[in-house]
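The values are calculated or read from the model by the stated rules, or taken from the named source; none is laboratory data. Keep in mind the model is a prediction, meaning the values are calculated, not measured. Cβ coordinates were reconstructed from backbone atoms using ideal geometry, including for glycine residues, and neighbour counts include every protein chain displayed. Protein only, heavy atoms only, side chains kept; ligands, DNA and RNA dropped before computing areas. Shrake-Rupley method; radii C 1.70, N 1.55, O 1.52, S 1.80 Å.
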Amino acid sequence: MHISATTNPIQVQGYLAGIEPLNGTNYFKWKSNLDIVLGYLEYDIALREPKPEMLVDTSTRNEKIDFHKWEKENRMSIMIIRGAIPDAIRGGIPIKDTAKEIMEVIQSKIMSSTKSMIGTHMGQLTSVRYNGEGIVRDHILQMEDLVYKLRGLDMNLNDDFLVQLAVNSLPKQFETFKVNYNTCDRKWNAYELIAHCVQEEERQRRETKEYAHFTTAG
């Protein structure tokens, strides 16, 4: 289906609803979805092409058509971009004449804090340790959440990295488990690691209870 510049506001709102609100940690995903919407609606010309020269008395008919087309699509792009930004962030984005300028301002504001956020999340991810208290599943899910946040900041972290880091974060009572994992030929994904860790933790707790019962009975 062809979408023209006459697309009605209800349709535009429908497309905007599919864009995850910009929150400072998802800029790359937000921009990717926004690019798809603007491209699908054919409003992305203002992001791809510079503004045409101002019209003069000697401007040709084609130059006038191109100029007015660019002007209209630039205006629509600005409306959609600002509509895809939550009120809390939109207030800090200055009004600009072109959609490209607005995107540059947004990128500058977001990216200025990205390095700091990456450092914070990466520090948490590499330093977190499981002390044997609580539930091992929650520990690994916490690490997985940090990985997802870093991926949202355009960090290329795969499942192998998460799994190895999670295995390394396990305490001393998991030493045999860790040796078995490191000598295993097949790699696990995060869900398999959680399942095996939960199994191992339950086995250790059963043994502890049995030992306590045996000692009391003895």
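I'd like to know if region 17-32 contains one or more residues that are among the polar types (S, T, N, Q), open to solvent by less than 80 Å² (accessible area, probe 1.4 Å), modelled with pLDDT under 85 and within 24 Å of LEU153 (Cβ to Cβ). If you could, list the steps in order and put the result at the bottom.
Step one: of region 17-32, the residues among the polar types (S, T, N, Q) are 23, 25-26, 32.
Filter once more, keeping what is open to solvent by less than 80 Å² (accessible area, probe 1.4 Å): 25-26, 32.
Adding the requirement that they be modelled with pLDDT under 85 leaves 25-26.
Applying the additional criterion that residues be within 24 Å of LEU153 (Cβ to Cβ) yields 25-26.
Looking through region 17-32, at least one residue is among the polar types (S, T, N, Q), open to solvent by less than 80 Å² (accessible area, probe 1.4 Å), modelled with pLDDT under 85 and within 24 Å of LEU153 (Cβ to Cβ).
Find the residue count for region 43-78, including only residues that are surrounded by 14 or more Cβ atoms within 10 Å (Cβ to Cβ) and under 25 Å from the mean Cα position of the chain (by Cα).
Residues in region 43-78 being surrounded by 14 or more Cβ atoms within 10 Å (Cβ to Cβ) and under 25 Å from the mean Cα position of the chain (by Cα): 5 in total.
Give the residues of region 174-189 that are assigned to a helix (DSSP H, G or I) and buried (at least 17 other Cβ atoms within 10 Å of the Cβ), sorted by residue number.
Kept after step one, since they are assigned to a helix (DSSP H, G or I), are these residues of region 174-189: 174-182.
Result: PHE174, PHE177, TYR181.
Among the residues of region 27-61 satisfying the criterion of being among the charged types (D, E, K, R) and not in a helix (DSSP H, G or I), which is farthest from LEU150 (Cα to Cα)?
At the first step, the residues of region 27-61 found to be among the charged types (D, E, K, R) are 29, 31, 35, 42, 44, 48-49, 51, 53, 57, 61.
Keeping just the survivors that are not in a helix (DSSP H, G or I) gives 42, 44, 49, 51, 53, 57.
Numbers: GLU42: 31, ASP44: 28, GLU49: 32, LYS51: 36, GLU53: 42, ASP57: 54 Å.
Going through the qualifying residues, I end up with ASP57.
May I ask you to list the residues in region 158-188 that are hydrophobic (A, V, I, L, M, F, W, C) and under 25 Å from the mean Cα position of the chain (by Cα)? I'd like the intermediate steps shown before the answer.
First pass over region 158-188, keeping only residues hydrophobic (A, V, I, L, M, F, W, C): 161-163, 165-167, 170, 174, 177, 179, 184, 188.
Once the filter is applied, which keeps residues that are hydrophobic (A, V, I, L, M, F, W, C) and under 25 Å from the mean Cα position of the chain (by Cα), region 158-188 yields PHE161, LEU162, VAL163, LEU165, ALA166, VAL167, TRP188.
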